[in-house]
1. Determine ³J(HN,Hα), in whole Hz, for all residues of the stretch 393-405 in sequence, where each value follows from phi through the Karplus function 6.51 cos²θ - 1.76 cosθ + 1.60 and θ = phi - 60°; x replaces Gly and Pro.
2. May I ask you to list the lysines whose Cα is less than 16 Å away from that of K203, ignoring any residue fewer than eight positions away on the same chain?
3. Highest mean first, how do 122-131, 314-323, 355-364 rank when packing is the count of other Cβ atoms within 10 Å averaged over residues?
4. Give me the distance in nm between label points sitting 7 Å out from Cα along the Cα-to-Cβ direction at E264 and S370, one decimal.
5. Express in % the proportion of alpha carbon pairs of the stretch 264-313 at distances exceeding 17 Å.
6. Step through the residues of the stretch 210-219 one at a time and calculate ³J(HN,Hα) from phi using the Karplus curve (6.51 cos²θ - 1.76 cosθ + 1.60, θ = phi - 60°), rounding each to whole Hz and writing x for Gly and Pro.
7. Using a Förster distance of 45 angstrom, determine the FRET efficiency expected from the C-beta separation of Q177 and T311, and round it to 0.05.
8. For the stretch 212-264 and the stretch 267-317, what is the centre-to-centre distance using only Cα atoms, to the nearest Å?
Amino acid sequence: MTSQEEGTVARTVAQEAPAPAEAPGVEGGELELRPEAVPSFDGSGAAGDPEPVDRPRRRRRGMRVVLVTACVVVVAAVAAGAALGVFGGGDDDPEAKAPSGPPATTQVKRTTLTSSQALDGQLGYGDTVAVQAPAASGSAQSGQAQGGGGAGAGIVTWMPSDGDTITRGKPVYKVNQQSVPLLYGSVPLYRTLKPGVSGSDVKMLEKNLKALGYGGFTVDDDYTSDTADAVEEWQDDLGRAETGQVTAGDAVVASGARRVAKAELAVGDSLTGDVLTWTGTDRVISVDLPVQYADLAKKGGKSTVTLPDNTTVTAVVTDIGTPTSSGDSAGSGQDQQNSSDSGSSNATVPVELKVEDAKKLGAYQAASVSVEFAAETRANVLAVPISALFALPGGGYAVEVVTGSTSEYRKVQLGTFGNGMVEVSGTGITEGTVVGVPK
């Protein structure tokens, strides 16, 4: 049994209490051991003769088994359960006659079971990235995104609203009434581009100009006079001076369309520091996966996500980050050592998933969700519904096997849990065996 399995605990509660004759049978998934199989007790507390079968029926509420199905169930039988004596023979007599037919039946099935590990996740738009104003010298500041606005000096005259989507060529913000547009690419503008300059940043600019409808040049690594002509036309449409050159702060470069998370500056502010933060435009699910479960996440792997309204959607793992630990920023000396020792157990792996059918997310923009990662798959196993299990007083489980008009309890060994079922094996347990279940 793994530490993961040990951490999932089933509570076995046994309670002996008489109930009215008209009391209903098993309800709400509770498993009831019926009294006809329970020996009577004399005043001293010792087991007496069994009650006759034709004795007026008195229903007793028997063992109730609550199974928490993460991977495996650990059961602690209590003394009251043993006192019921349904399996009176103990370990030497694992099979005992059931008092009567069960409320309902099902068959042992041969199937494939997949156990899983459910972890907390967060639905949103992914990590936020800051867009910085350019340095006053005109060279962009370091950061994950580059700001714009020529030399970087000026007053902010327009800002987008939180939640706005910005696409290629549209303004990220305006400074001194000049638009600073978004370009798609992976190479930021870090120098002045003009005729005679070559490089991947030139090709990035030319690809964007072509996508925005400007032509007359060849998309390559060389900034030619033809490129400059297209740039002048672009600058004219933006209401900027037609220089034919592009400086580091004239546009913002990102990998694609962006959604504004928060505007950090307001109209009238000086262009400095963080202008705004933004994210991608697709809703994604982020999970900090404990390192002991890191092998559960594989790129392209599918997981089941439960939304706040208990509906489920399928998500695909799109990104797996680098493990991080809360002990990484620990101090020096012994404190650092202690933090390092505990940090390994607190380390997590950031995992991002994307929902295959985004429409199924409904109106949720941000929400806490549960993400179920597949842990183990067992094919061609015999399985029964978890509700078919009865807890044995001395530990272990049994099922009520129905043969014709009679039934008996047979001890079974458990395997993988998954999809509301559990793998079982034991004497006389075969595919098609009829077993009792609650209504």
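1. x, x, x, x, 9, 9, 10, 8, 8, 9, 10, x, 9
2. Of all the lysines, those that pass the test against K203 - Cα under 16 Å, at least 8 places apart if same chain - are K194.
3. Ranked from most to least packed, the peptides come out as 122-131, 314-323, 355-364.
4. 3.8
5. The calculated P(r) of the stretch 264-313 puts 63 percent of pairs beyond 17 Å.
6. 4, 5, 8, x, 8, x, x, 9, 9, 6
7. Computed FRET efficiency for Q177 and T311: 0.40.
8. Their Cα centres are 31 Å away from one another.
Taken together, the values in this text are just the output of simple stated rules run on the coordinates, not laboratory data. None of the values given here were measured: they were computed from a predicted structure. Glycine gets a Cβ as well: all are built from the backbone with ideal geometry, and neighbour counts include every protein chain shown.
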